[in-house]
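A short write-up of the structure that comes next.
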């Protein structure tokens, strides 16, 4: 892992530099810097309440940082027109529902709204984008199905298809595997990893992160503890320090990805080799892939 202290703004893509955010008088993001490498999958990890969802909302422009800056291709996010932002950055939330009885195809067509003028009919380009999104997510044969009849895994795939219909370059996903069975978790993350968009995904499952993410950013109490290539970051020491859990981290294939076996909770104050220490390490606020 390389120590990165430079500001993340001024480069291409979606970046955040030293962003902080308070809510209800509490600091929920504390000087976070992140610059996902284009075309890769970056995982946001950390215990509940560590700031993962808030960081995604700040990156999406839904929340404004109280300090620091978020940029898109070097332009401050708050200066980017909303329609332009919606064409570039797509968001998949944890939960999605509708009171309207939409078909799968209708739900995916919602992703074309940023590309259309108000009250204008769908164009051939719109319908082509919808067909492509349905095909890429394996939903073509379900296009006429009602949203209400879908399983949780199918609904998440529809949400990703809707995001793909936006034709974004950046895709932000907030714990998309929650409440899915193992098969659907693997299917969904295989789909996301194969998109080759710039993806940032909040995850709880460390083994899923190890399997699919190119880089990870680990948060605790709103601050970055460590970040970098997944095989360098996910160590037994970090897991004990951040999660309070003893773990064995192995690589069955020397050139493969790490596998984590949990051994039990770690006593308060205990450390394993490679632990990052009890406090947030501002000197270790790392940027996956570096900053151009």
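The values are calculated or read from the model by the stated rules, or taken from the named source; none is laboratory data. All of these numbers come straight from a predicted model, not from anything done at the bench. Ideal geometry is used to build each Cβ from the backbone, glycine not excepted, and the neighbour counts take in all protein chains shown.
The table that follows gives values for the structure above.
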quantity	calculated
Qualifying positions in the stretch 230-258 - assigned to a helix (DSSP H, G or I) and out of contact with any helix residue (DSSP H, G or I) (no Cβ under 6 Å at 6 or more places or on another chain)	231, 232, 233, 236, 237, 238, 239, 240, 241, 242, 243
One residue from 72, 56 being more than 14 Å from the chain's Cα centre (by Cα), under 16 Å from residue 14 (Cα atoms) and buried (at least 20 other Cβ atoms within 10 Å of the Cβ)	72
Test: residue in the stretch 131-152 that is under 18 Å from the mean Cα position of the chain (by Cα), without any contact (Cβ under 8 Å) to a residue 60 or more places away in the chain and farther than 25 Å from residue 61 by Cβ	no
Residue check for residue 42: modelled with pLDDT of 95 or more, buried (at least 18 other Cβ atoms within 10 Å of the Cβ), out of contact with any helix residue (DSSP H, G or I) (no Cβ under 8 Å at 6 or more places or on another chain) and assigned by the TED database to the domain that holds residue 153	yes
Selection count, the stretch 177-215, where residues are part of a loop (DSSP other than H, G, I, E, B) and buried (at least 22 other Cβ atoms within 10 Å of the Cβ)	3
Residues that are part of a strand (DSSP E or B) and closer than 19 Å to residue 113 by Cα, drawn from the stretch 146-174	170, 171, 172
Filter result for residue 20 (buried (at least 19 other Cβ atoms within 10 Å of the Cβ) and under 22 Å from residue 226 (Cβ atoms))	no
Test result for residue 100, surrounded by 23 or more Cβ atoms within 10 Å (Cβ to Cβ), out of contact with any strand residue (DSSP E or B) (no Cβ under 6 Å at 6 or more places or on another chain) and over 17 Å from residue 174 (Cβ atoms)	no
Hits in the stretch 81-99 (condition: part of a helix (DSSP H, G or I) and closer than 16 Å to residue 13 by Cβ)	84, 85, 87, 88
Number of the condition not met by residue 165 [criteria: (1) touching a strand residue (DSSP E or B) at 6+ places or on another chain (Cβ under 8 Å); (2) within 18 Å of residue 132 (Cβ to Cβ)]	(1)
Selection count, the stretch 229-238, where residues are touching a residue at least 60 places away in the same chain (Cβ under 8 Å) and buried (at least 21 other Cβ atoms within 10 Å of the Cβ)	2
Selection status of residue 78, surrounded by fewer than 18 Cβ atoms within 10 Å (Cβ to Cβ) and in a loop (DSSP other than H, G, I, E, B)	no
Residues of the stretch 94-128 classified as at pLDDT below 90 and under 21 Å from the mean Cα position of the chain (by Cα), total	4
Which numbered condition residue 119 fails, given (1) touching a residue at least 40 places away in the same chain (Cβ under 8 Å); (2) part of a loop (DSSP other than H, G, I, E, B)	(1)
Hey, residue 106 in contact with a helix residue (DSSP H, G or I) (Cβ under 9 Å, 6 or more places away or on another chain), part of a loop (DSSP other than H, G, I, E, B) and assigned by the TED database to the domain that holds residue 165 or not	no
Per-region count, the stretch 255-283, residues at pLDDT 75 or above and more than 12 Å from residue 210 (Cβ to Cβ)	5
